[in-house]
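Student: Pasting a structure here, questions to come.
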Amino acid sequence: MRWKGERQSSNVEDRRGASAGSGGSGGPSRFPGGAVGGGGLGLILLVILSLVFSGGDLGSLLNGTEDGRLTEQTPSTERVTGTDEQKEFAAVVFAHLEDYWNQTFDDYDKSYQDPTLVLYSGSVSSACGTANSAVGPFYCPGDQKVYLDLSFQEELAQNFGATGDFAMAYVIAHEVGHHVQYELGISDQMARIRQRVSEKEYNQYSVRLELQADYLAGCFAKYLANETYNGKPILEAGDIEEAIYAANQIGDDTLQKQAQGYVVPDSFTHGTSSQRVAWFQRGYQYGDLEHGDTFSEASLDLN
Ligand SMILES: [Zn+2]
């Protein structure tokens, strides 16, 4: 990806090297995933469509978070992770995401508030609790911030074999996808569902939420594919493949096989590798909100 010299987002909080301090008020939680019965899906589909097309209640906060397990940590001073270059890259990607999502919400006549990117090292306090970087990047709806330890890029490369700057751009775009879901009121719906279904059932909703974030990341990739900087395309050969490879490597089935040698589908919270790749590619194909309904009946068969 071509990015040097481009606008960097001003919505970046650099907390690297700071101690996490005491935890937030949200309490530890983990983003769930799961399978859903028929009736519930029809309902959520209608709700989402009405939110997407006519505007909805962006009201209350979800006190959970995504993509990781939050644990209480002893505050400590951490070494600074990530280089200046990695920080600048993340800030440029975040700026592109601001441009894209503001424009898209404008097209749908909806208002949009930019999220904040928090860079941290080791552990961090959020409105969703105190997290350490082992949870991976996450979005907290309680404060509308994306939390990222830049060392995740090395982890992607070393543990998952996903190299290249666009793998990281995909990860950031996925997290901002969760913010878009928050802005659309989908996070709020999920919080209410969570209170009335079993963990196993909620896992299936989580998978759908996560796949939708992958779809939204794909939409962003399509937008970038048509953007230029100083007359040159922003995307370079191989960028989209880097994102697809990363999506494949962090599918639940692939992760579980790697960690324990077998898979437990009921415990999936983010979707299989083929589902994640398929929804990213679908976003890259359509680049609109209409084709991103992962909550419809047959949506998980897509691969
Ligand atoms: Zn996610």
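Please treat every number below as a calculation from the coordinates, not as lab data. Since this is a predicted model, take the numbers as computed values, not measurements. Positions of Cβ are generated from backbone atoms using ideal geometry, with glycine treated the same way; all protein chains shown enter the neighbour counts.
Student: Among 212, 162, 150, which residue has its Cα positioned farthest towards the positive end of the charge dipole of segment 113-216, with +1 placed on the Cβ of Lys and Arg, -1 on the Cβ of Asp and Glu, and the dipole taken about the Cα centre?
Tutor: Checked the options; the winner is 212.
Student: Can you give the extra length, in nm with one decimal, that the chain gains between residue 7 and residue 88 once fully stretched, where that is 0.36 nm per residue apart less the Cα-Cα distance?
Tutor: 28.2 nm
Student: Using alpha-carbon pairs under 8 Å, 6+ residues apart, how would you state the relative contact order of segment 226-295 in percent?
Tutor: The value is 26 percent.
Student: Normalising by the residue count of segment 153-263, find the relative contact order in percent from Cα pairs under 8 Å and 6+ residues apart.
Tutor: Averaging sequence separation for qualifying contacts and normalising by length gives 39 percent for segment 153-263.
Student: If I take R0 = 22 Å and measure r between the Cβ atoms of residue 286 and residue 103 in this structure, what FRET efficiency does the formula 1/(1 + (r/R0)^6) give, to the nearest 0.05?
Tutor: Efficiency for this residue pair is about 0.85.
Student: So if each residue of separation counts as 0.36 nm, and I subtract the Cα-Cα distance between residue 298 and residue 196, what length gain in nm does that give?
Tutor: Gain in length upon complete extension: 34.4 nm.
Student: Sort 233-244, 119-130, 134-145 for me by packing, meaning the mean count of neighbouring Cβ atoms within 10 Å per residue, highest on top.
Tutor: In descending order of packing, they fall as 119-130, 134-145, 233-244.
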